[in-house]
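The values are calculated or read from the model by the stated rules, or taken from the named source; none is laboratory data. Since the structure is predicted, the reported quantities are computational estimates derived from the model, not experimental observations. Quick reminder, even Gly has a Cβ in these numbers, built from the backbone with ideal geometry, and neighbours come from all protein chains shown. The protein model used for the area step is the full one, side chains on, heavy atoms only, and it has no ligands, DNA or RNA in it. Shrake-Rupley method; radii C 1.70, N 1.55, O 1.52, S 1.80 Å.
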Amino acid sequence: MTDAHLDRMVRDADPYRPEVVQHLDGAAQNLLEEIMSTPTLEPVAEPSARRQRRRRALLSGLASAGVAAVVLGVVVTGSIMNADRPEDRPSTPADTSDDTKPITDWAMVLKAAEENPRLLIDQPGWKATSVYGFTEKDGSITFSNNDRELEMNWYPADVYDSFHEDRLRVSEPAQVTVDGWPAERFQYNEGDFAVMLKPREGSFVELRTSGTWTRAAFDEVLATVVRVDAKTWLAALPAEIVTPQRATEQAAKVLADVPLPPGFDVTALGGLGANDAYQFGAKVTSRVGCAWIAEWLRAKKAGDDDALRRAGDALRSSHRWTVLRQMNDEGDWPEVFWETADEVAAGKPPAKYRDSLGCE
């Protein structure tokens with residue numbers, strides 16, 4: 001769940017309401033080259049009302065919804081896309097690949113990008129500020145420009161009718177298009193708009209405004225929203241994103257002072273997709289915490305007191321893990337983790353700990 005999702009829940013109080021870079025800088029260009037070197041192989045309630053700090057933890061569970069908001073840093077300054085294929089504007093792929101890279105993981109990342117709508121704002125001044133649900137059936141990417149935000153949420157096509165029914169309670173729809181894609185615009189109030197795109201390739205997208213907007217400003221930006229290919233979309237993500245190639249290095253930083261459960265497979269962390277540091281930290285600590293809880297439960301059942309003590313000590317030590325202490329200034333994931341870990345260490349594993357920590 002994104003910050004904007006939570007925000008709109010409060011703001012709307014409605015039970016029915018569930019730039020592509022013209023010139024990439026050095027870091028972004030490195031990411032683009034890295035990507036190009038590999039082969040392409042029930043409606044949710046809506047959000048609002050920002051908390052003073054970013055609410056980045058998925059309180060309902062990492063596994064079921066993906067990890068919460070990821071702060072990106074890519075400024076959308078102009079178009080690098082050509083107009084040869086308006087339906088899916090491509091970047092130019094490289095012909096070679098690095099056989100030493102985990103192609104299987106990149107194939108997963110590219111496949112995920114290919115299966116989401118891949119919409120970007122082709123206008124100067126916009127930057128991607130959050131992404132959620134990158135490898136899920138639903139997700140979100142938010143673009144910001146000063147005091148305006150445009151959130152693009154995608155959902156499975158089979159919930160379109162339900163969402164559309166709800167939006168009809170908001171206002172009469174106005175027929176619009178987004179890069180040639182049929183859509184309807186709804187207006188909540190003078191500066192609050194939503195645009196629902198018709199289902200396509202198994203999903204549909206809703207664009208939602210936040211901040212200071214006018215109809216004219218929204219229509220102007222809407223006319224610059226474009227659909228791109230997977231590699232172009234991925235290249236719009238900044239180099240700070242932890243890709244499969246960077247997972248081993250980043251995992252070493254995350255786990256520097258984290259005790260590992262018996263048999264914990266660090267190499268498997270390369271399959272976590274593309275995440276920013278916060279997202280990656282949450283996913284990694286989720287796996288560690290779940291594995292320690294599983295060990296605690298095993299030891300409890302087997303009467304293995306030494307193993308039980310080690311597991312309890314490891315879970316209690318999470319309050320000192322550098323990664324969680326750093327993340328605590330940005331969001332709620334550490335608090336969720338600590339609460340669950342403390343209950344287990346105290347001998348009272350919560351019934352829904354798997355949901356809380358997103359255990360698989």
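Applying a threshold of 8 Å to beta carbon distances and a minimum spacing of six or more residues, or different chains, the list of pairs starting in region 333-357 at a residue that is closer than 14 Å to residue 300 by Cβ and ending at one that is open to solvent by less than 20 Å² (accessible area, probe 1.4 Å) and of a type in the set (S, T, N, Q) reads 353/340. Scanning region 295-318 for residues that are under 27 Å from the mean Cα position of the chain (by Cα) and aliphatic (A, V, I, L, M) returns a single hit, 315. Under the condition of being open to solvent by less than 20 Å² (accessible area, probe 1.4 Å) and either among the small types (Gly, Ala, Ser) or more than 18 Å from residue 139 (Cβ to Cβ) (or both), the residues counted in region 197-216 number 3. Within region 243-298, restricting attention to residues that are of a type in the set (Phe, Trp, Tyr) and modelled with pLDDT of 95 or more, which residue is nearest to residue 356 (Cα to Cα)? Only one residue fits best here, namely 292.
Taking the numbered list (1) under 21 Å from residue 251 (Cβ atoms); (2) open to solvent by 10 Å² or more (accessible area, probe 1.4 Å); (3) part of a helix (DSSP H, G or I) in turn, residue 278 passes all entries but (2).
Considered as a group, the residues in region 95-128 that are charged (D, E, K, R) and either farther than 22 Å from residue 156 by Cα or crowded, with 20+ Cβ neighbours inside 10 Å (or both) include one that is modelled with the highest pLDDT, and that residue is 122.
A count restricted to region 134-192 and to residues that are under 15 Å from residue 205 (Cα atoms), of a type outside the set (Asp, Glu) and open to solvent by less than 40 Å² (accessible area, probe 1.4 Å) stands at 24. Being open to solvent by 20 Å² or more (accessible area, probe 1.4 Å) and within 30 Å of residue 236 (Cβ to Cβ) is the requirement here; does residue 295 meet it? No.
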